[in-house]
Amino acid sequence: MEVLKNYLNHENYRKLFDIDNPKLHRFVAEYLKLCDPAKVFICTDGKKDINYIREAAIKNGEEESLTLPGQTFHFDGYHDQARDKTHTKFLTPESLKEIRSILKNIMRGHELFVSFFCLGPSDSEFSIPCVQITDSPYVIHSENILYRTAYKNFKRLGKKNTDFFRFVHSGGKLNKHHVSQNIESRRIYIDTGEEIIYAVNTQYGGNSIGLKKLSLRLAIHRAAREGWLAEHMFVMGVRGPKQRKTYFTGAFPSMCGKTSTSMVTNESVLGDDIAYLRQKSGKVHAVNAEKGMFGIIRGINSKDNPIIWKTLHNPNEIIFSNILLTKDRQVYWVGKDVPRPTEGYNYSGEWVAGNKDKQGKEIQPSHPNARFTLDLAALENVDPNLDNPAGVEIGGIIYGGRDPDTSVPVEESFSWTHGIITKAASLESKTTSATLEETGIKKFNPMSNIDFLSIPLGQYVENNLNFGNSLKKPPLIFSVNYFLENKQGNFMNTKKDKAVWLKWMELRVHQEISAIKTPTGFIPRYEDLKKLFKEVLGREYHEQDYTEQFTLKIPENLAKIDRIIEIYKTEVSDTPEVLFRMLEEQKQRLIQARDKYGDYVLPNRVE
Ligand code: SPV
Ligand code: MN
């Protein structure tokens with residue numbers, strides 16, 4: 001109380017103490033004492049407070065206004081453009097000491113903000129209350145757009161609310177460009193026991209926004225204890241015949257088509273990044289943990305992404321990050337269908353076309369991981385069930401990755417267990433610019449969730465298996481691959497084809513269409529796809545394209561199984577036995593097919 005009285009003015013003190021929660025008060029007091037800010041602001045759900053945060057981000061230089069009302073832009077430091085996997089770790093006694101010494105007095109001269117949120121819809125069994133402490137108004141501003149605010153819930157729950165997630169962030173010392181300066185001391189430490197996360201000397205959203213990927217690690221840990229799933233998944237509605245709507249979730253690694261799938265034309269979006277899945281009366285229900293989108297802006301254009309395009313060009317609350325600001329204060333990004341500017345300002349400073357980095361590589365106008373932050377409510381295809389406290393019933397779960405040469409564009413697994421093992425737990429994908437690591441390398445990424453796992457992988461796979469096995473009617477599990485390449489290295493499918501795969505999966509969920517059984521799963525029949533391509537895209541789908549895309553590649557599939565078995569044998573300590581058995585069975589089916597038909601089996605031969 002003494003500490004809080006010292007730091008908080010009358011109004012903020014009252015706002016904090018209107019919440020009768022000693023655990024919260026102790027938490028705030030502890031970090032005020034440690035970080036020693038100049039000022040404290042307690043943020044309620046009220047418009048005035050939300051606006052105060054917005055203004056504070058502009059005042060401290062983390063954001064600047066654009067011409068359209070509601071729109072701002074933000075830059076992260078040159079070396080702070082993506083998730084830092086190297087410095088993201090689980091807390092140990094030594095690292096607690098280290099983080100406390102980095103945090104000591106880190107906010108001197110800064111304003112500290114305390115904000116309250118809820119992961120998942122308010123007043124829902126899915127939801128998790130959270131508190132964020134940060135000296136970055138950009139972080140809170142982003143969270144106000146991306147999450148449901150929950151000051152009122154905290155007030156209502158009072159002392160009973162003991163299990164909230166806690167996030168402590170500081171951008172640290174900012175340089176004259178208002179970006180974190182001490183990047184060498186960037187640290188992200190996760191304490192799953194206390195459910196606290198510390199993030200310092202970084203601003204990039206994936207490292208700093210507590211409720212995004214930092215909370216996902218805590219949620220995975222909690223979900224494992226409580227028997228539900230926290231996943232790196234979109235949630236969307238897909239329309240079927242006669243006004244039917246079927247909900248799907250989909251897990252894809254970062255930058256592999258998760259947002260674009262959830263935004264397919266004529267379907268509806270509930271979320272594009274984090275889903276919580278629970279059992280309800282023997283069925284799977286899912287909610288979006290978020291209510292906004294922190295989407296990749298590269299490649300967004302008026303033809304392929306008409307809804308996002310429209311939203312970005314209207315007076316909506318939007319934060320553009322790491323884009324190019326043109327001389328006439330317009331926002332430009334690589335892939336925007338307007339003429340490419342020759343100069344402007346970007347994350348590297350003053351930018352002129354042809355500028356090179358230290359390695360002699362040309363600096364692109366916008367960073368590959370440049371993003372837009374918007375509220376889903378601003379999208380015209382937002383699903384009416386976004387805030388439904390019961391979530392939506394899930395008919396199918398999709399796993400996808402960047403796979404140039406092994407899996408077919410769309411395939412259904414034989415069962416929940418088969419899907420979890422051969423599709424989800426065996427997922428591989430090429431790395432992208434969403435993390436600070438080399439891009440384009442094929443890596444093992446089970447459930448697209450490898451970066452966020454906070455429990456041993458074997459246990460996580462087991463939880464996934466158990467989750468579905470106890471259901472009356474588990475959702476069907478599918479894989480998709482948008483990145484299949486031909487011999488010349490060109491993509492075999494267009495960006496639009498995913499709309500057709502969705503419709504095919506929707507019909508499969510309702511058993512309204514037959515399929516071809518292959519050693520790896522069920523694939524579509526040509527006649528069905530031909531009809532769907534016509535109906536959905538108004539396009540002819542040639543049999544030759546089908547044959548090439550859906551050819552079963554036995555050597556590649558066998559090599560993949562061997563890679564996956566090797567990983568689970570040597571790097572994972574508690575792999576469920578059934579995983580090895582299922583992969584071995586799949587291997588035998590592939591070998592038999594090879595003996596009969598050769599290495600590459602055309603889809604019309606496999607049945
Ligand atoms: C991702 O990288 O998967 C994202 C963006 O969704 S973030 O995790 O916030 O960096
Ligand atoms: Mn993501």
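The values are calculated or read from the model by the stated rules, or taken from the named source; none is laboratory data. Source: prediction; values computed, not measured. We place every Cβ from the backbone using ideal geometry, glycine too, and count neighbours over all the protein chains shown.
For region 448-474, enumerate the residues that are within 13 Å of ligand 1 (Cβ to nearest atom) and crowded, with 18+ Cβ neighbours inside 10 Å. Spell out the reasoning first.
Keep residues of region 448-474 that are within 13 Å of ligand 1 (Cβ to nearest atom), which gives 448-452.
Selection gives S448, N449, D451, F452.
Report whether or not D357 is over 16 Å from F73 (Cα atoms) and surrounded by 13 or more Cβ atoms within 10 Å (Cβ to Cβ). Give the derivation first.
On the way: over 16 Å from F73 (Cα atoms): yes; surrounded by 13 or more Cβ atoms within 10 Å (Cβ to Cβ): no.
It is false that D357 is over 16 Å from F73 (Cα atoms) and surrounded by 13 or more Cβ atoms within 10 Å (Cβ to Cβ).
Matching residues to (1) modelled with pLDDT of 95 or more; (2) within 27 Å of K442 (Cα to Cα); (3) of a type outside the set (K, R):
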residue	(1), (2), (3)
H178	yes, no, yes
S185	yes, no, yes
V200	yes, no, yes
N207	yes, yes, yes
G227	yes, no, yes
V238	yes, no, yes
S254	no, yes, yes
S268	yes, no, yes
S281	no, no, yes
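Of all residues in region 184-210, which are of a type in the set (A, V, I, L, M, F, W, C), touching a strand residue (DSSP E or B) at 6+ places or on another chain (Cβ under 6 Å) and within 16 Å of ligand 1 (Cβ to nearest atom)?
Taking region 184-210 and keeping what is of a type in the set (A, V, I, L, M, F, W, C), we get 188, 190, 196-197, 199-200, 209.
This time we only want the ones that are touching a strand residue (DSSP E or B) at 6+ places or on another chain (Cβ under 6 Å), so: 188, 190, 196-197, 199-200.
Listed by number, the residues that qualify are I188, I190, I197, A199.
Of everything in region 481-534, what is hydroxyl-bearing (S, T, Y) and assigned to a loop (DSSP other than H, G, I, E, B)? Give them in sequence order. Spell out the reasoning first.
At the first step, the residues of region 481-534 found to be hydroxyl-bearing (S, T, Y) are 482, 494, 514, 518, 520, 526.
Y482, T494, S514, T520 - these are the residues of region 481-534 that are hydroxyl-bearing (S, T, Y) and assigned to a loop (DSSP other than H, G, I, E, B).
Collect the residues in region 211-237 that are aliphatic (A, V, I, L, M) and within 12 Å of ligand 1 (Cβ to nearest atom), keeping them in residue-number order. Give the steps one after another, and end with the answer.
Of all residues in region 211-237, those aliphatic (A, V, I, L, M) come to 211, 214, 216, 218-220, 223-224, 229-230, 233, 235-236.
Hits for region 211-237 are L211, L214, L216, M233.
Can you tell me which residue is nearest to L277 (Cα to Cα) among those in region 200-228 that are of a type outside the set (V, I, T), away from ligand 2 (no atom under 16 Å from the Cβ) and crowded, with 24+ Cβ neighbours inside 10 Å?
The initial filter retains those residues of region 200-228 that are of a type outside the set (V, I, T), namely 201, 203-208, 210-219, 221-228.
Those still in the list that are away from ligand 2 (no atom under 16 Å from the Cβ) too: 201, 203, 221-228.
Remaining after also requiring crowded, with 24+ Cβ neighbours inside 10 Å: 201, 203.
Numbers: N201: 33, Q203: 30 Å.
In this case the residue turns out to be Q203.
Identify, please: which residue in region 28-52 is over 18 Å from M1 (Cα atoms) and not charged (D, E, K, R) and is, among those, surrounded by the fewest Cβ atoms within 10 Å (Cβ to Cβ)?
First, pick out the residues of region 28-52 that are over 18 Å from M1 (Cα atoms): 43-52.
So of that shortlist, the ones also not charged (D, E, K, R) come out as 43-44, 46, 50-52.
Values: C43: 24, T44: 19, G46: 13, I50: 18, N51: 11, Y52: 17.
Taking the candidates together, the pick is N51.
For region 73-96, what are the residues that are away from ligand 1 (no atom under 16 Å from the Cβ) and either crowded, with 21+ Cβ neighbours inside 10 Å or acidic (D, E) (or both)? So that I can check it myself, show each step before the final result.
As a first pass, look at region 73-96 and keep what is away from ligand 1 (no atom under 16 Å from the Cβ): 73, 78, 89-96.
F73, E94 - these are the residues of region 73-96 that are away from ligand 1 (no atom under 16 Å from the Cβ) and either crowded, with 21+ Cβ neighbours inside 10 Å or acidic (D, E) (or both).
Exactly one of these conditions fails for D123: (1) part of a loop (DSSP other than H, G, I, E, B); (2) at pLDDT 95 or above. Give me its number.
The failed condition is (2).
Do any strands (runs of 3 or more DSSP E) entirely within region 15-90 hold 1 or more residues that are among the β-branched types (V, I, T) and assigned by TED's automatic domain parsing to the domain that holds F167, and if so, which? Steps first, answer last, please.
On the way: elements: 39-43, 63-65, 71-74, 88-90.
Fully inside region 15-90 and qualifying: 39-43, 88-90.
What are the residues in region 504-537 that are under 17 Å from S407 (Cα atoms) and among the polar types (S, T, N, Q), if any?
T518, T520
Filter region 238-273 for residues that are among the polar types (S, T, N, Q) and within 16 Å of ligand 1 (Cβ to nearest atom); which is nearest to N388 (Cα to Cα)? Before you say what the answer is, go through the steps one by one.
Narrowing region 238-273 to residues among the polar types (S, T, N, Q): 243, 246, 249, 254, 259-262, 265-266, 268.
With the extra rule that they be within 16 Å of ligand 1 (Cβ to nearest atom), the set shrinks to 249, 254, 259-262.
Numbers: T249: 16, S254: 26, T259: 21, S260: 23, T261: 22, S262: 18 Å.
Checked region 238-273; the qualifying residue nearest to N388 (Cα to Cα) is T249.
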